[in-house]
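**Student:** Below: one structure in structure tokens.
Every read-out reported here was derived from the displayed coordinates using simple, explicitly stated rules and does not represent laboratory data. None of these values were measured; they are calculated from a predicted model. Please note: Cβ atoms are built from the backbone with ideal geometry, for glycine as well, and neighbour counts cover all protein chains shown.
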Amino acid sequence: MIVALAGGVGAARMLRGLVAVVPPETITAVVNTGDDTVMHGLHISPDLDTVTYTLAGMINPETGWGLRDETWSAMAELRAYSEGRLAWFNLGDRDLGTHLYRTSRLSEGASLSEVTHEIARRWSVGVRLRPMSDQRVETRVVIDDGAPEGREIGFQEYFVGHHHDVAVRAVRFAGVESAPAAPGVLGAIASAERIIICPSNPIVSIGPILATGAIGDAVRARRLDTVAVSPIIAGQALKGPADRMLTELGHEASVVGVARMWAPYAATLVIDEADAGRAREVEEAGMAAVVTPTVMTGPRESAALGGVVLGAA
Ligand code: FO1
């Protein structure tokens with residue numbers, strides 16, 4: 001059994017590679033739900049859906065989120081009604097079906113774990129997908145908006161509303177103090193042969209998972225069997241604001257900065273060939289470095305990286 005701690009696009013591509021190497025049923029993905037939001041009364045779980053749609057081969061290849069071959073009629077209506085005010089977060093017509101289903105089932109009393117399982121089954125996803133918690137944990141971001149103490153906003157308002165184009169002063173995970181890990185998560189971590197920290201944003205994608213319940217402690221206890229993949233290549237994130245966010249929050253935006261963050265949790269860090277020259281510094285930060293191509297441009301590259309990650313440690 002393998003456990004993968006997963007955020008959105010980078011994790012989804014990593015998982016696509018892992019299922020090419022081992023049977024999907026042997027993988028449990030523990031997925032970040034700090035990005036979850038309620039929009040127009042609908043419960044949206046972006047990272048769970050990105051992983052589900054990618055593994056189903058249905059992800060929109062242009063955006064990396066949402067469904068391929070999508071139509072946008074509902075959004076066009078919403079835009080017309082509200083003069084754009086309510087249409088900043090794009091929900092495709094088919095994607096809306098997922099959010100309607102999730103919201104209906106939650107209002108019937110189903111847990112997020114149960115609904116996640118049902119959605120994965122509908123898309124024939126063999127990987128066991130688990131939210132990090134069934135309880136609400138909300139990633140909140142303090143942005144620099146000129147006010148002396150900054151302004152706190154929800155993650156999607158920062159990421160989509162502000163195109164993650166504003167400086168971040170602080171991040172917190174509201175509700176995490178009382179949120180237990182979802183059923184099955186701690187047991188899976190305790191008994192896994194290998195735990196993988198996917199190449200997702202360390203602060204806002206993996207950070208909330210490790211901060212939830214006893215998940216961080218459970219991973220630390222399995223440090224020798226845990227392999228992390230750096231989301232930072234040559235000082236940059238391939239997608240999203242991870243590089244800027246690391247710098248803004250006092251970390252180094254490099255594989256060495258990532259190694260300093262993950263050393264307590266994982267014994268091995270997989271880094272890109274572009275960072276081969278920093279392998280020694282990674283080792284000085286307390287992690288064994290494995291150098292390999294890590295850019296997952298297609299299924300073949302994902303599978304090659306999956307093989308390396310499973311062989312590492
Ligand atoms: N990301 C965007 O940049 N713009 C959007 O309008 C947008 C809509 C959206 C709808 C559903 C969904 O599941 C994801 C969506 N995302 C969108 C992506 C998502 O908000 C972020 O990529 C993640 O939260 C970061 O991992």
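**Student:** By how many degrees, between 0 and 90 and to the nearest 10, does the Cα long axis of helix 299-311 differ from the longest principal axis of the chain?
**Tutor:** Helix 299-311 sits roughly 50 degrees off the main axis of the chain.
**Student:** What do you get for the angle between helix 93-107 and the principal long axis of the chain? Use alpha-carbon atoms, 0 to 90 degrees, nearest ten.
**Tutor:** With rounding to tens, the tilt is 90 degrees.
**Student:** With a cut-off of at most 10 other beta carbons within 10 Å, and DSSP calling the residue loop, which GluC sites (Glu not before Pro) in the stretch 56-88 qualify? Please list them.
**Tutor:** On the way: sites: Glu62, Glu70, Glu77, Glu83; in loops: Glu62, Glu70, Glu83.
In loop regions of the stretch 56-88 (DSSP not H, G, I, E or B), the sparsely surrounded GluC sites (Glu not before Pro) are Glu62, Glu83.
**Student:** If you don't mind, another one. Determine, from the Cβ-Cβ distance of Glu301 and Ala263 and an R0 of 22 Å, the FRET efficiency 1/(1 + (r/R0)^6), rounded to the nearest 0.05. Don't skip to the end; give the middle numbers.
**Tutor:** Values: r = 27 Å, r/R0 = 1.21.
Working from the Cβ atoms, E equals 0.25.
**Student:** Spelling out what I want: for every residue of the stretch 41-52, take phi, set θ = phi - 60°, compute 6.51 cos²θ - 1.76 cosθ + 1.60 (Karplus), and round to whole Hz; glycine and proline get x.
**Tutor:** x, 9, 7, 10, 10, x, 5, 4, 6, 4, 5, 4
**Student:** Just grab the label-to-label distance for Glu284 and Arg79, each label 7 Å out from Cα along the Cβ direction, in nm (one decimal).
**Tutor:** Each label point is offset 7 Å from its Cα along the Cβ direction, giving 5.2 nm.
**Student:** Using θ = phi - 60° and the Karplus relation 6.51 cos²θ - 1.76 cosθ + 1.60, list the HN-Hα couplings for the stretch 259-266 in order, rounded to whole Hz, with x at every Gly or Pro.
**Tutor:** The phi angles translate into 4, 5, 6, 8, 3, x, 9, 9 Hz.
**Student:** Considering the stretch 36-156, what Rg and Dmax in Å follow from its alpha-carbon atoms?
**Tutor:** 15.8, 50
**Student:** Follow-up. Taking every eigenvalue of the Cα gyration tensor of the stretch 138-177, multiplying by 5 and rooting it, what semi-axes result, largest first, whole Å? All intermediate terms of the calculation are to be shown ahead of the outcome.
**Tutor:** Details: eigenvalues 55, 33, 8 Å².
So the equivalent ellipsoid measures 17, 13, 6 Å along its semi-axes.
**Student:** Oh, and also: In whole Å, how far is the Cα centre of the stretch 255-274 from that of the stretch 138-190?
**Tutor:** Computed from Cα coordinates, the inter-centre distance equals 22 Å.
**Student:** How big is D for the chain, in µm² s⁻¹ as a whole number, if Stokes-Einstein is applied with the Kirkwood radius of its Cα pairs at 25 °C and 0.890 mPa s? Walk me through the numbers on the way to the answer.
**Tutor:** On the way: Rh = 19.6 Å.
After rounding, the answer is 125 µm²/s.
**Student:** Taking 7 Å along the Cα-to-C-beta vector as the label spot, tell me the His162-Glu193 distance in nanometres, rounded to one decimal.
**Tutor:** In this crude label model, His162 to Glu193 measures out at 4.4 nm.
**Student:** Contact order normalised by length for the stretch 40-193, with contacts defined as Cα pairs under 8 Å and 6 or more residues apart; what percent is it?
**Tutor:** On the way: 187 pairs, mean separation 28.2, N = 154.
18 percent.
**Student:** Please list, in chain and number order, the residues 5+ apart from Val270 or on another chain whose amide H is under 5 Å from its amide H, with Hs placed from the backbone.
**Tutor:** Under 5 Å from the amide H of Val270 lie the amide H atoms of Ala228, Val229, Ser230, Val290, each far enough along the sequence or on another chain.
**Student:** What relative contact order, as a whole-number percentage, does the chain give when Cα pairs under 8 Å and 6 or more residues apart are counted?
**Tutor:** On the way: 652 pairs, mean separation 62.0, N = 313.
Over the chain, the number comes to 20 percent.
**Student:** Applying 1/(1 + (r/R0)^6) with R0 = 25 Å to the Cβ-Cβ distance of Trp88 and Thr26, what FRET efficiency is obtained, to the nearest 0.05?
**Tutor:** Details: r = 40 Å, r/R0 = 1.59.
The calculated FRET efficiency here is 0.05.
**Student:** Considering Cα pairs under 8 angstrom that are at least six residues apart, work out the relative contact order of the stretch 177-293 and quote it in whole percent. Before the final figure, lay out the partial values.
**Tutor:** Details: 203 pairs, mean separation 26.7, N = 117.
Across the stretch 177-293, relative contact order equals 23 percent.
**Student:** Can I ask one more? Taking neighbour Cβ counts within 10 Å as the exposure measure, how do Ser191, Ser133 sort from fewest upward?
**Tutor:** Values: Ser191 11, Ser133 27.
Listing Ser191, Ser133 from fewest to most nearby Cβ atoms yields Ser191, Ser133.
**Student:** For Gln236 and Met58, what does the FRET efficiency come to when R0 = 25 Å and r is the distance between their Cβ atoms, rounded to the nearest 0.05? Numbers along the way, then the final one.
**Tutor:** Details: r = 28 Å, r/R0 = 1.13.
The computed FRET efficiency comes out at 0.30.
**Student:** Just Gly146, Gly250, Gly126 to compare: in a GNM of the chain, with alpha carbon springs under 10 Å, which one fluctuates most?
**Tutor:** So, out of Gly146, Gly250, Gly126, the one fluctuating most is Gly146.
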